[in-house]
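Asks: For reference, the structure I am asking about is given below.
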Amino acid sequence: MNKFFYITTPIYYINGVPHIGHAYTTIAADCLARNKRQRGFDVYFLTGTDEHGQKVLKAAQDKGLSPIEFADDIIPRFKDTWKKLFITYDDFIRTTEARHIETVQYFLQTLYEKGDLYLGEYVGLYCVPCEVFWTDKQVENNLCPDCKRPVERIKESNYFFKISAYQDWLLKYINDNPEFVRPESRRNEVLGFLQENKLNDLCVSRPKSRLSWGIPLPFSPEHVTYVWFDALINYLSALGFPAKKDKFEKFWPVCIHLIGKDILRQHAVLWPIMLRAVGIDPPALVFAHGWWQVGEEKMSKSLGNVVNPLDVIDEFGIDVFRYFLLREVPFGFDGVFSKAALVKRFNGDLANDLGNLVYRTLTMAEKYFEGRVPELDKASLDEIGRVKILPKIDAIEAKVDEALDRFDFIAALDAIWDLIGAANKYIEETKPWNLKKENKNKELENFIALLIAGIRVVAKEIAPFMPQTSEKINSQIKTDRVEKASPLFPRIDVD
């Protein structure tokens, strides 16, 4: 029986270059996708870029470019960053592609014919940088509640989507499906919002006379689609919906959206209502993770404290960056990024624990057996190997899978490091140099063989988290020989 796995990142808005927030979501999705591929799943991992809207138009105008020229210039920066981070996406969708435009227009036409879209007059306060409308009650001193920049009062004819008609359905759906929004704190946030507020119908168009850069409404060419309504549909257009039914039916029922908590409402309120209105079930799961901060503040371009992933990679390496992001903070919570914390992880977990285990085990294999990998005789293992090491080797795959199914990257890594720690302790307690002195060759062979078996399992299980490190370990341990290289993680002098 085929097992399917469909995971998405948000499509990233192109008014800036990739930063640590983009990298965090994408690395997490990549780790999950790699794990599922390793277990034999048919995986579809989607990422991409959101290229319409007023912010993109303005950024392009500021550079003297057309919007599509501006977009074409930005896209390679995202793709190059993902390549350097070893991201193994299966599809990269752009909202300017024909396949996406066709799906968006199909969606709009369906809602229009169903009577869920209507033409009305909108009068309200609009924030151009955020591309969000606000009510008078929400705005103080004529400033946007989010970015604190001035808003404009706009009056225009637009098409509205009757999301208010679906509020009771959505409330019941979230209550009946406790796994739909995770973690629990985000689910409670969405439920609280729906219980305390009456949804207003959503303005899903912009007059072409004010904003030309967008997907035209199929039934009203003088209007273009609101950028958020357009963007969310990428998760379907990437599957070739509605034309490619087989692909859609395989992957959509298991779809997982990984997002940042700042776009939770769009994904957990607007998106399921959009889907319901056209007769499609919501995705299996929306998981909203936290933000990374520098010191006490959330990273933002305006504050000038954005961490560029490529700078961290250049200084510490790809796998160290991936490991730190997934190990340092529980997925779903906010985290604080600092080089001091990263160096501590490097010297402790990576140099002292993993790197030390690999280097000294292969050194002993070279010293005692001229690089030959001894055969493991489980029946004659010593008590420590039999009771404390072998069971951890046998159980590690199930522990990693169970943790990742809960999006608990820390627990998955803890299971791997539990084996690493036990193996390092095994060396200290067994004192192999004494076995050599006492000519206990069979015991020494078993000891080295068990350590190498443990390292092989570690290399396999860390591959989704640290693909380069996994390859380096495997390259040093052949089927019957070892070829020791330099230490994986030379300690960093904190002074």
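Throughout, read-outs are computed from the coordinates displayed, never taken from laboratory work. Please read all numbers here as calculations on a predicted model, not as lab measurements. Note: ideal-geometry Cβ built from the backbone for every residue, glycine included; neighbour counts use all protein chains shown.
Asks: Treat the count of other C-beta atoms within 10 Å as a stand-in for reagent exposure and order Cys147, Cys31 from fewest to most.
Replies: Ranked by crowding around the Cβ, least crowded first: Cys147, Cys31.
Asks: Could you work out how far the C-alpha centroid of segment 403-426 sits from that of segment 182-240, in angstrom?
Replies: 40
Asks: Moving on to the next point. Report the FRET efficiency, 1/(1 + (r/R0)^6), for Ser475 and Phe193, where r is their Cβ-Cβ distance and R0 is 51 Å, rounded to 0.05.
Replies: Working: r = 51 Å, r/R0 = 1.00.
Computed FRET efficiency for Ser475 and Phe193: 0.50.
Asks: Right, here's the next one. Add +1 for every Lys or Arg and -1 for every Asp or Glu among the other residues with Cβ under 12 Å from the Cβ of Phe489, and state the total.
Replies: Values: positive: Arg345, Lys472, Arg491; negative: Asp319, Asp349, Asp353.
It works out to a net charge of 0.
Asks: Restricting to Cα pairs below 8 Å that are 6+ residues apart, what does the relative contact order work out to for segment 339-476? Please round to a whole percent. Walk me through the numbers on the way to the answer.
Replies: Details: 106 pairs, mean separation 41.9, N = 138.
In percent, rounded to a whole number, it is 30.
Asks: Can you sort Tyr235, Tyr89, Tyr173 so the residue with the fewest Cβ neighbours within 10 Å comes first?
Replies: So the residues, fewest neighbours to most, are Tyr173, Tyr89, Tyr235.
Asks: Okay, moving on. When DSSP assigns beta bridges and you keep just the ones with both residues in the chain, what percent turn out antiparallel, to the nearest 5?
Replies: Working: 26 of 51 bridges.
Counting DSSP beta bridges with both partners in the chain, the antiparallel share is about 50 percent.
Asks: If you don't mind, another one. Which one of Pro253, Thr479, Leu413 has its Cα pushed farthest toward the positive end of the charge dipole of the chain, where Lys and Arg give +1 and Asp and Glu give -1 at the Cβ?
Replies: The Cα lying farthest towards the positive end belongs to Thr479.
Asks: Now a separate question. Taking the Cα centre as origin and putting +1 on Lys and Arg beta-carbons and -1 on Asp and Glu beta-carbons, what dipole magnitude results for the chain, to the nearest 20 debye? Please report the intermediate quantities before stating the final value.
Replies: Details: 65 positive and 70 negative charges, 96 e Å.
Value, rounded to 20: 460 debye.
Asks: So what's Rg/Rh here for segment 405-495, counting alpha carbon atoms and using the Kirkwood radius for Rh? Provide the component values of the computation, followed by the final result.
Replies: Values: Rg = 15.4 Å, Rh = 15.1 Å.
Using only Cα positions, Rg/Rh for segment 405-495 is 1.02.
Asks: While we're on this one: When only Cα pairs under 8 Å and 6 or more residues apart are kept, what is the percent relative contact order across the chain?
Replies: 15
Asks: A follow-up question, please. Rounded to the nearest 0.05, what FRET efficiency do Lys208 and Asn175 have when you use their Cβ-Cβ distance and R0 = 51 Å?
Replies: Working: r = 41 Å, r/R0 = 0.80.
In this case the efficiency is close to 0.80.
Asks: Please report, in Å, the Rg and the Dmax of segment 205-244, where both are computed over Cα atoms only.
Replies: Gyration radius and largest Cα-Cα distance of segment 205-244: 11.5, 35 Å.
Asks: Also, I was wondering about something else. Take every Cα-Cα distance within segment 339-476, group them into 10 Å bins from 0 onward, and report for each bin the whole-number percent of pairs it holds.
Replies: 11, 42, 34, 11, 2
Asks: While we're on this one: With an 8 Å Cα cut-off and a minimum separation of 6 or more residues, compute the relative contact order for segment 4-289 in percent.
Replies: Numbers: 455 pairs, mean separation 64.2, N = 286.
Relative contact order comes out at 22 percent.
Asks: Ok, one more. From the backbone phi of segment 83-98, what are the Karplus-calculated ³J(HN,Hα) couplings (6.51 cos²θ - 1.76 cosθ + 1.60, θ = phi - 60°) in whole Hz, Gly and Pro given as x?
Replies: For segment 83-98, the Karplus curve yields 5, 5, 8, 6, 7, 9, 5, 8, 8, 10, 9, 10, 6, 8, 6, 4 Hz.
Asks: Between Lys442 and Ala485, 0.36 nm times their residue separation minus their Cα-Cα distance comes to what? Intermediate values should be presented prior to the final figure.
Replies: On the way: separation 43, 0.36 × 43 = 15.48 nm, distance 2.63 nm.
Separation in residues times 0.36 nm, less the Cα-Cα distance, equals 12.8 nm.
Asks: Kindly rank 351-363, 107-119 from highest to lowest mean number of other beta carbons found within 10 Å of each residue. Don't skip to the end; give the middle numbers.
Replies: Details: 351-363: 20.2, 107-119: 16.8.
Top of the packing list down: 351-363, 107-119.
Asks: Name all residues of segment 7-24 having a backbone nitrogen under 20 Å from the label point set 7 Å from the Cα of Ile410 along its Cα→Cβ direction, giving them as ranges.
Replies: Of the residues in segment 7-24, 21, 24 have backbone N under 20 Å from the label point off Ile410.
Asks: Any idea what angle helix 390-405 forms with the longest principal axis of the chain, computed on alpha-carbon atoms, 0 to 90 degrees, nearest 10?
Replies: For 390-405 against the chain, the angle is about 0 degrees.
Asks: Roughly how far apart, in whole Å, are the Cα centres of segment 320-389 and segment 452-471?
Replies: 9
Asks: What do you get for the angle between helix 184-196 and the principal long axis of the chain? Use alpha-carbon atoms, 0 to 90 degrees, nearest ten.
Replies: The answer is roughly 10 degrees.
Asks: Cα axis of helix 467-476 to longest principal axis of the chain: angle in degrees, 0 to 90, nearest 10?
Replies: Orientation of helix 467-476: about 20 degrees from the principal axis.
Asks: Further question on the same structure: How would you order 401-407, 272-278 from highest to lowest mean count of nearby Cβ atoms within 10 Å?
Replies: 272-278, 401-407
Asks: Kindly flag which residue pairs out of Lys36/Lys460; Lys339/Lys460; Lys3/Lys250; Lys367/Lys440; Lys431/Lys478; Lys162/Lys198 have an alpha-carbon separation exceeding 21 Å in this structure.
Replies: Numbers: Lys36/Lys460 13 Å; Lys339/Lys460 28 Å; Lys3/Lys250 9 Å; Lys367/Lys440 15 Å; Lys431/Lys478 25 Å; Lys162/Lys198 12 Å.
In this structure, Lys339/Lys460; Lys431/Lys478 lie more than 21 Å apart at Cα.
Asks: Taking every DSSP beta bridge that has both residues in segment 4-289, what percent is antiparallel when rounded to the nearest 5? Mind showing how you got there, number by number?
Replies: On the way: 22 of 44 bridges.
Here the share of antiparallel DSSP bridges comes out near 50 percent.
Asks: On to the next question. Return the Cα extents of segment 4-289 along principal axes one, two and three, sorted largest first, each rounded to a whole Å.
Replies: 55, 48, 38
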